[in-house]
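Enquirer: This is the structure I want to talk about, given as structure tokens.
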Amino acid sequence: MPDEPAKHISEALGGRPVEPLSDAERVERERVRNLVQSVASCYNALVAQATDPGRRAELSERLVGHDAELRRIDTMPPAERRTVISTYPELLTRLRAELDR
């Protein structure tokens, strides 16, 4: 072990070094994560409230899609993140209104 040259931690773990996120990118990703989590939470609540099996299945499918989206936020392209930021607030408003009924 002492004869081996030191490796960068990413190389030692089999990965590659990546640039740290800028403040703007970090804030954008946090905003996207919050929006996707909020939408998924609303769908989860709607699934719990649904009495019709067809409606419950439809809402469950949407919930699964948002859960998958949440898992891939770190690899989401910037254009898709901007789409989430521009479209999810309206979706969230609609879902919250549906929950309040």
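Enquirer: Of the residues Leu70, Leu21, Leu63, only one is in contact with a helix residue (DSSP H, G or I) (Cβ under 8 Å, 6 or more places away or on another chain) and at pLDDT 90 or above; which?
Expert: Leu63
Enquirer: Sort out which residues of the range 72-101 are over 14 Å from the mean Cα position of the chain (by Cα), touching a residue at least 40 places away in the same chain (Cβ under 8 Å) and either exposed (fewer than 12 other Cβ atoms within 10 Å of the Cβ) or more than 17 Å from Arg31 (Cβ to Cβ) (or both), and write them in order of number.
Expert: The answer is Leu95, Arg96, Glu98, Leu99.
Enquirer: Using beta carbons and a limit of 8 Å, which pairs, at least six apart or on different chains, have the first residue in the range 26-47 and under 11 Å from Ile73 (Cα atoms) and without any contact (Cβ under 8 Å) to a residue 12 or more places away in the chain and the second one surrounded by fewer than 16 Cβ atoms within 10 Å (Cβ to Cβ) and not aliphatic (A, V, I, L, M)?
Expert: none
Enquirer: Kindly provide the set of residues from the range 58-71 that are without any contact (Cβ under 8 Å) to a residue 24 or more places away in the chain and either closer than 17 Å to Glu98 by Cα or buried (at least 16 other Cβ atoms within 10 Å of the Cβ) (or both), ordered by number.
Expert: Scanning the range 58-71 gives Glu58, Leu59, Ser60, Arg62, Leu63.
Enquirer: When you scan the range 37-56, do you find a residue that is farther than 24 Å from Val27 by Cα, open to solvent by less than 90 Å² (accessible area, probe 1.4 Å) and not in a helix (DSSP H, G or I), even just one?
Expert: For the range 37-56, residues farther than 24 Å from Val27 by Cα, open to solvent by less than 90 Å² (accessible area, probe 1.4 Å) and not in a helix (DSSP H, G or I): present.
The values are calculated or read from the model by the stated rules, or taken from the named source; none is laboratory data. All values reported here derive from a predicted model rather than from experimental measurement. A quick note on method: Cβ atoms are made from the backbone with ideal geometry, for glycine too, and the neighbour counts reach across all protein chains shown. Just the protein is used for accessible areas: all its heavy atoms, side chains included, with ligands, DNA and RNA removed. Shrake-Rupley method; radii C 1.70, N 1.55, O 1.52, S 1.80 Å.
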